[in-house]
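Coordinate-derived values only; no laboratory data. Note that the structure is a prediction, hence the values are computed from the model and not measured. Cβ sites come from the backbone with ideal geometry, for glycine too, and all protein chains shown count toward neighbours.
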Amino acid sequence: MTAKKNAGGAKKTPAQKVPPQGPSMWMQFAIALAIFLVLSSAYSLAHEYVFSENEEVPLSKLASDIASGLVVSISVEGSTVKATYADESVKTSKKELETSFTETLKNYDLTPEQMSAVEVTIGEEGGVRFWFFQLAPLLVPILLLVGIIWYLSRQVRGAGMQAFSFGRSMARLVSPEDEVQRVMFRDVAGAKEAKSELLEIVDFLKNPKKFIQIGARIPKGVLLMGASGTGKTLLARAVAGEAGVPFFSISGSEFVEMFVGVGASRTRDLFQTAKKSSPAIVFIDEIDAVGRVRGTGVGGGNDEREQTLNQILVEMDGFEPNEALIVLAATNRPDVLDPALVRPGRFDRRVVIDLPDRKDREEILTIHARKKPLGADVNLSVIAERTPGLSGADLANVMNEGAILAARENRKEITQYDLVRSIEKVMLGPERRSHVLNKKEKEITAYHEAGHALVASVLPYADPVHKISIISRGRAAGYTLKLPFEDRRMQSRREFLDDIAMSLGGYVAEKMVFGDITTGASNDLQVLSALARDMVTRYGMSEKLGPIALDAALGKTLFGQGIEGGNDRSDETAEQIDMEVKLLIGNAHKKATDIIKKHRKVLDAIAKKLIEVETIERDEFEKILIANGITPKRKEDIEHASLV
Ligand code: ADP
Ligand code: ZN
Ligand code: MG
């Protein structure tokens, strides 16, 4: 199996959202009203109940009592009549609502003299309280319903509100006062050149006047370029932190979300908000999501993307250099960016962030070890040595996985062994001990890996084997880990050729030992074919075709993805390329076959040991080599950590 290390997912840095609008006021008011109505109607009912405590008499009886002078006073509330008698007893009665009380009494033939003998007070209840009482049974359910709907709508706000908030910028803001979220240059290890270039920007944001007075034109846009996980986002935040200015950030992919036109209005919003709090930084992460070359027709001409990109350009042209607003953008695909973005006056500064070298890696590990208790045996420089090709994010991940391993085994400190295991986990995915190979599969895998390891050890330009294992990891049944001692930025033709031969080691061993081939070699074949093709078409490493880059047009217009017919190769050239690729692979195949034939005894020895112990570390592997007359390499080169 061959697997290339894949960069771990970059951790998103948490940042606070620009505060959304609070729950609407009238809703809160409606809830309060509903509660009030419920209470008041309850009160009314209780009131009614108290009334009915008194003896109820028909109106005719009351009228005759008034006529006989037994009643002292009367109070009328709505349809309820409350009469106080001379003997201090209280009796109630009902009258029709529409007619007034005196009118009613007249109907019972009472004379005005008789009526004037009693004191009549008309209560307020016919007014407000009456109407509450009448309307409450109707209003309360309605208000309850509205309340429930409001409550439910709050639950789905996270998803639902997006549809309502389009146009608002959705940018995250880290304010300079936010001590927890603030990142400084000291939190970013390595990247010295990048930091020193960005220092100028920091200077300007801190003291824009100084620059403007002397007539200096300050860059509007700075493009951070580098592989994913190299700390572009982190560095952008550090610039804001150092300068002590607000940091507005939005990701290119967020623009391309919903409706056409949203991206453009969001961009406008974002810049408007940022301008208000200038000096400030606007950070557009993953700008390649919106900033790809326009009008290639590939990808269906996304209108939304183009409009957003245009709006970004308009905004950047629109603000004056003295506005002290600087746009930082990050991308790991600078090759696909629209040329309009990198014109002077836009993102005319470019800062490249490389993968960390050995010293940087140690620094990054040290930064991420800050809050973790390390055991006495931990040596971060050894870890840095064993992790060429890993990005800052991967290294942060290694430290984290180490801590998880220690915690899972209930230890209080992280040991070196935890970290060593984490490296493999980050590079290859977790071990799958549960994925048990049957006896035959185990044998085949052992011979396959032994084949890789043997070829790697015999060929002079392949890098040394660090570990062989037939414990499955990720998708691989087994793996051979080979690591260089130092990072290198260049690889030579000889190294590539040995690489291809080594990748074929597994395939050749299987065929020779078992007379058959399994699917286990498919990934090896894919990788080595791609490498051979690159040698011919990109690196000018084919003797027949010579120094020519045949995919030069690809990266620019076709997003780096080869699309058939999308380039200007002739059929004849295509045929020649295929021939050359075949030739390279054929030669490598012969080399691998010769080596395995010649050292069949060693192959058997390695495979036997593998079946027995499943994992062989470097020391033990070299003992087997020496016992069979092969001198282990002490070569210190080759760029990437790769697995075969
Ligand atoms: P990018 O934006 O380039 O993909 P990030 O800035 O998101 O990478 O980095 C992801 C994480 O990796 C950071 O939050 C940080 O924890 C870690 N990291 C990356 N580079 C460095 C570095 N140079 N120093 C310290 N930590 C780093
Ligand atoms: Zn393999
Ligand atoms: Mg990022």
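Farthest toward the positive end of the dipole of the stretch 172-353, out of Gln272, Ala324, Val342, is the Cα of Ala324, where the dipole comes from beta carbon charges about the Cα centre. For Leu224, the residues 5 or more places off, or on other chains, whose built amide H falls under 5 Å of its own are Ala329, Ala330, Thr331, Val351. How many nm is it between the label spots at Leu138 and Ser277, if each spot is 7 Å from the Cα in line with the beta carbon? Distance between the two pseudo-spin positions: 5.0 nm. With a Förster radius of 25 Å applied to the beta-carbon distance between Ile611 and Ser522, the computed FRET efficiency rounds to 0.65.
Couplings 3J(HN,Hα) for the stretch 494-508, derived from phi with the Karplus relation 6.51 cos²θ - 1.76 cosθ + 1.60 (θ = phi - 60°), are 4, 5, 4, 4, 5, 4, 5, 4, 5, 4, 7, x, x, 4, 5 Hz, where x marks Gly and Pro. Whole-Hz Karplus values for the stretch 381-393 come out as 5, 5, 4, 4, 5, 8, 10, x, x, 7, 8, x, 5 Hz, taken residue by residue from phi with 6.51 cos²θ - 1.76 cosθ + 1.60 and θ = phi - 60°; glycine and proline positions read x.
Rounded, prolate or oblate: which fits the stretch 54-125, taking a ≥ b ≥ c as square roots of the Cα gyration tensor eigenvalues, rounded meaning a/c under 1.5, else prolate when a/b beats b/c? Here the stretch 54-125 falls in the rounded category. In this structure the amide hydrogen of Leu70, modeled in the peptide plane, comes within under 5 Å of no amide hydrogen from residues 5 or more places off or on another chain.
A crude spin-label estimate for the pair Ala407 and Phe514, with each label 7 Å from Cα along the Cβ direction, gives 4.1 nm.
If you build the convex hull over the alpha carbons only and average its shadow over all orientations, what do you get for the stretch 444-540? Give it in nm² to one decimal.
That works out to 6.6 nm².
Stretched out straight at 0.36 nm per residue, the stretch from Thr111 to Lys590 would grow longer than its current Cα-Cα span by 159.1 nm. In this structure the amide hydrogen of Phe283, modeled in the peptide plane, comes within under 5 Å of the amide hydrogens of Phe248, Ser249, Ile250, Leu328, none closer than 5 places in sequence on its chain.
Averaging 1/r over each pair of different alpha-carbon atoms in the stretch 172-353 and inverting the result gives 16.4 Å, the Kirkwood hydrodynamic radius. Cross-link pairs exceeding 19 Å between alpha carbons, from the set Lys192/Lys482; Lys206/Lys276; Lys439/Lys623; Lys425/Lys608; Lys232/Lys276: Lys192/Lys482; Lys439/Lys623; Lys425/Lys608; Lys232/Lys276. In order along the stretch 195-208, the Karplus-derived 3J(HN,Hα) couplings, from 6.51 cos²θ - 1.76 cosθ + 1.60 at θ = phi - 60°, round to 4, 5, 5, 6, 4, 4, 5, 4, 4, 5, 5, 6, 9, x Hz, and Gly and Pro are given as x.
If each residue of separation counts as 0.36 nm, what is the full-extension length gain between Val314 and Val72 once their alpha-carbon separation is subtracted?
On the way: separation 242, 0.36 × 242 = 87.12 nm, distance 8.77 nm.
Extra length available between Val314 and Val72 comes to 78.3 nm.
How far apart, in nanometres, would the label points at Arg538 and Glu441 be if each is projected 7 angstrom from Cα along the Cα-to-Cβ direction? According to this spin-label approximation, the distance is 3.3 nm.
For each of Arg292, Arg370, count neighbouring Cβ atoms within 10 Å of the residue's Cβ, then give the residues from fewest to most.
On the way: Arg292 21, Arg370 8.
Lowest count first: Arg370, Arg292.
Across every direction, the projection of the convex hull enclosing the Cα atoms of the stretch 358-428 has a mean area of 4.1 nm². Of the GluC sites (Glu not before Pro) in the stretch 58-110, the ones in a loop by DSSP (not H, G, I, E or B) with at most 16 other beta carbons within 10 Å are Glu88, Glu96, Glu98.
Which value, in debye to the nearest 20, describes the size of the charge dipole of the stretch 172-353 about its Cα centre when Lys and Arg Cβ atoms bear +1, Asp and Glu Cβ atoms bear -1, and nothing else is charged? Don't jump to the answer; show the numbers that get you there.
Values: 24 positive and 25 negative charges, 89 e Å.
Charge dipole of the stretch 172-353: 420 debye, to the nearest 20.
The order of Leu419, Leu97, going from fewest to most other C-beta atoms within 10 Å of their C-beta, is Leu97, Leu419. Taking other Cβ atoms within 10 Å as a rough exposure proxy, Lys91, Lys232 sort from fewest to most as Lys91, Lys232.
Name the GluC sites (Glu not before Pro) in the stretch 177-245 that are in a loop by DSSP and that have at most 12 other C-beta atoms within 10 Å, would you?
Values: sites: Glu177, Glu179, Glu193, Glu197, Glu200, Glu242; in loops: Glu177, Glu179.
Filter output for the stretch 177-245: Glu177, Glu179.
Once you list every other residue whose beta carbon is under 13 Å from the beta carbon of Ser529, what net charge do they have if Lys and Arg are +1 and Asp and Glu are -1? Charge balance near Ser529 sits at -3. Multiplying the residue separation of Ile212 and Lys94 by 0.36 nm and removing their Cα-Cα distance gives an extension gain of 33.7 nm.
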